[in-house]
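Written below as structure tokens is the structure these notes are about.
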Amino acid sequence: MSEDTTLLSLRGLRKTFDTQEALNGLDLDVIRGEFLTLLGPSGCGKTTTLRIIAGLEMPTEGQVFLEGKDITLLPPEKREVNTVFQNYALFPHMNVAANIGYGLRMRKVPKADVLKRVDEMLRLVQLEGYGKRMPSQLSGGQRQRVAIARSAVLSPKLLLLDEPLGALDLQLRRQMQSELKKMQQQLGITFIYITHDQEEALNMSDRIALMRDGRFVQLDTPHNLYERPATAFAATFIGETNILDCTVVGISGEEVLLDMSGIAIPATTEDWVVPGQTLCLCIRAERLHYAKKSPEGFFLRGTFKGSHYAGSERTAEIELNTGHTLFSRQRTEQEETVLPGETVCLWWDRKTAGLVIDDREETT
Amino acid sequence: MKKNSFWSSLYIAVIILALYLPIMVVVVLSFNGNTGRTAAMNFTGFSFYWYKGLFDPISGFGTQMLTSLEVAFWSVMISACLGTLGAVGMLRQKMRKAASERAVMKMTGIGEQLAMLPIMIPELILGIALMALFSLLKLPFGKMTLIFAHITFCTPYILITVKSRLSTLEPTLQEAARDLGASPAKAFATVTLPLAAPAILSGSLLAFAMSMDDFVISFFVNGAQTTTLPLKVYSSVKVGVTPQVNALCTVMLGAAFLVVAVGQLISALAEKRRADTTKKVQA
């Protein structure tokens, strides 16, 4: 990665609270203009990472570089980085215009310019004529937009957003997702976005950094993260996935033979796979097919236990004779009626099933 | 319902009577035209006689009133600063709970208890303790010792009100201000202070009333030249409640009512203005 495309770099970032390790040596390069999402379960350290970048928290170890300059010790007011807080943190005693103009006033921008830029910003976030209202008179979505406008008006190099859609209802969330993405492209500001919602992350991001226990599990494009998860945790955190615990029996060329509690399963090998190794085979629920008629090639047999109908899709629960339960999600357009207790065949396209290391039980 | 409403009306009537009857007696007797020895008991006619002598330099209460006001003013001013800073500091510690949860929580817990001590321990003990301390330090007893003593019990009132107000605010407001480019001092001046102002004011009013009213602590720490109003009242009723004291009480009562009324008026106006802007915005 060349110097001028990298906006922000984290090097060996570590943070310890009391004896608890919140961040465990993070390295990250953020590319100028990208929409990067930190995704992970709560308590994985994503908010701590964001607060360190904003300057609201000091790392125990490691450095933060903005455009190559070490800003680790710089106080928040001296960083060209702004934050949109989870609860918006709008100043309740100032009206919308005063809230948006706050940062400009702190920067001693002349009054006329402040007014002009606040107006521009109100237009951009579609809140024209709302300048005189108090934050308490706004809806959740409007507050959200004011919070973004208040940070964006300073044209920061980097905008940090801490679960900004967390408090909104589903419909508004969807709408704000596309609005935010559009706004990011319009402003040309680099976004680091925090969420624990995998769908939101897949929808909006250029790249996703999947976090767990203060570490990055995988840093990749949404497509690669979904199609080629690096570990069993990555596979289960995003999407609905069947994880089959297997042992490697033998490798021949591209093919690997796996053993799952006595069932032999063929798969495509990876370069890190060695015979005798225990690993996981993951198959996305929507890519596992079932039917009463046996297909050509490799398949497994199982007992149909039941299903959940969800309009366009149906998720079936199928038990193998080894006791494993697999989930298969199929479109309902041309489905075959299967009754509980009937035997069905299960198969998948080998390309869509990936081998990953098992890190599900891992803790730091 | 009807039965209930009779008993509840009676209950309220008894309460009001119990509360205000003694006060009414004071007010009525303050206008007693009887200037003789039986003035405290026999109401003989209406007159402003007792009010005329109220601020007489020798027999009146003017100097003591000024002393009380002066002591109350300074102790409230200093307490307001101390209490506000204390409240801000305590909450900031609490906010860092993510940083090192247990230790800090325990510490703020103890700190809070300590801050409340002056209003929890008996006044008598506090008064004696302060007197012992001041004489140990060889401080001349007078206005200064009175102000010091009053600060000790005024600060907690302001601290409590400001702290409870601040704890209802988003803890991230201060951080948001910093993030938007405000220095710590600027963030305090533009965000924390304006939001805490109503609480600082109401806490100060309460503390002011407490200071004006204090007898026990002032009794121990006052100097020969500095007598506060409650001390003067006490010494003048040793020989019986004179109608002049009644007149003084009536004046103070009137002042208190006035302050409350003005306060209510201001908050009612603020409420109305807020409602108006809401209406305008919605229209």
*asked:* For the range A:259-301, give me each residue that is in a loop (DSSP other than H, G, I, E, B), more than 22 Å from A:ARG360 (Cα to Cα) and either in contact with a helix residue (DSSP H, G or I) (Cβ under 9 Å, 6 or more places away or on another chain) or not basic (Lys, Arg) (or both).
replied: A:GLY262, A:SER294, A:PRO295, A:GLU296, A:GLY297, A:PHE298, A:PHE299
*Report whether or not A:ARG51 is closer than 20 Å to A:ALA209 by Cα, basic (Lys, Arg) and either in the same structural domain as A:GLN184 (by TED's automatic domain parsing) or touching a residue at least 12 places away in the same chain (Cβ under 8 Å) (or both).*
yes
*Which residue out of A:THR269, A:THR241, A:THR322, A:THR247 is closer than 21 Å to A:ASP359 by Cβ, assigned by TED's automatic domain parsing to the domain that holds A:ARG350, polar (S, T, N, Q) and modelled with pLDDT under 90?*
A:THR269
*Within the range A:145-163, how many residues turn out to be within 13 Å of chain B (Cβ to nearest Cβ) and either charged (D, E, K, R) or within 18 Å of A:GLU199 (Cβ to Cβ) (or both)?*
4
*Somewhere in the range B:169-180, is a residue farther than 30 Å from A:LEU159 by Cβ, facing another protein chain (nearest Cβ under 10 Å), assigned to a helix (DSSP H, G or I) and of a type outside the set (D, E, K, R)?*
no
*Pick from A:ALA147, A:ALA201: which is in contact (Cβ under 8 Å) with a residue 40 or more places away in the chain, part of a helix (DSSP H, G or I) and more than 25 Å from B:GLY181 (Cα to Cα)?*
A:ALA201
_Looking only at the range B:158-196, filter to residues that are of a type in the set (Gly, Ala, Ser) and surrounded by 17 or more Cβ atoms within 10 Å (Cβ to Cβ); which one of those is modelled with the lowest pLDDT?_
B:ALA196
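Determine whether A:VAL256 is buried (at least 16 other Cβ atoms within 10 Å of the Cβ) and part of a loop (DSSP other than H, G, I, E, B).
Working: buried (at least 16 other Cβ atoms within 10 Å of the Cβ): yes; part of a loop (DSSP other than H, G, I, E, B): no.
For A:VAL256, the condition - buried (at least 16 other Cβ atoms within 10 Å of the Cβ) and part of a loop (DSSP other than H, G, I, E, B) - is not met.
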*Is the range A:33-44 home to any residue that is within 21 Å of the chain's Cα centre (by Cα), free of Cβ contacts under 8 Å to residues at least 12 places away in the same chain and more than 9 Å from chain B (Cβ to nearest Cβ)?*
yes
_Checking the structure you have, find out if any residue of the range B:118-127 is at pLDDT below 90, touching a helix residue (DSSP H, G or I) at 6+ places or on another chain (Cβ under 8 Å), more than 30 Å from A:PRO92 (Cβ to Cβ) and not in a helix (DSSP H, G or I)._
no
*Restricting attention to the range B:57-75, which residues are of a type in the set (A, V, I, L, M) and either farther than 15 Å from B:SER218 by Cα or without any contact (Cβ under 8 Å) to a residue 12 or more places away in the chain (or both)?*
B:ILE58, B:LEU66
_For the range B:227-259: of the residues being at pLDDT below 85, of a type in the set (Val, Ile, Thr) and part of a loop (DSSP other than H, G, I, E, B), which is surrounded by the fewest Cβ atoms within 10 Å (Cβ to Cβ)?_
B:VAL239
*Go through the residues of the range B:197-207 one by one and say whether even a single one is free of Cβ contacts under 8 Å to residues at least 40 places away in the same chain, within 14 Å of chain A (Cβ to nearest Cβ), part of a helix (DSSP H, G or I) and surrounded by fewer than 19 Cβ atoms within 10 Å (Cβ to Cβ).*
yes
_For the range A:143-157, give me each residue that is buried (at least 18 other Cβ atoms within 10 Å of the Cβ) and either among the hydrophobic types (A, V, I, L, M, F, W, C) or in contact with a Leu (Cβ under 9 Å, 6 or more places away or on another chain) (or both)._
A:ARG143, A:GLN144, A:ARG145, A:VAL146, A:ALA147, A:ILE148, A:ALA149, A:ARG150, A:SER151, A:ALA152, A:VAL153, A:LEU154
*Which one is surrounded by the most Cβ atoms within 10 Å (Cβ to Cβ), of the residues in the range A:34-63 that are touching a helix residue (DSSP H, G or I) at 6+ places or on another chain (Cβ under 9 Å) and more than 23 Å from A:HIS196 (Cβ to Cβ)?*
A:GLY55
*So, in the range A:76-87, of the ones that are at pLDDT 90 or above and more than 7 Å from chain B (Cβ to nearest Cβ), which residue ends up farthest from the chain's Cα centre (by Cα)?*
A:LYS78
*Looking only at the range B:253-272, decide whether some residue is within 21 Å of A:ILE100 (Cα to Cα), within 14 Å of another protein chain (Cβ to nearest Cβ) and of a type in the set (D, E, K, R).*
no
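The values are calculated or read from the model by the stated rules, or taken from the named source; none is laboratory data. Quick caveat: nothing in here was measured; it's all calculated off a predicted structure. Cβ atoms come from the backbone with ideal geometry, glycine included; neighbour counts cover every protein chain shown.
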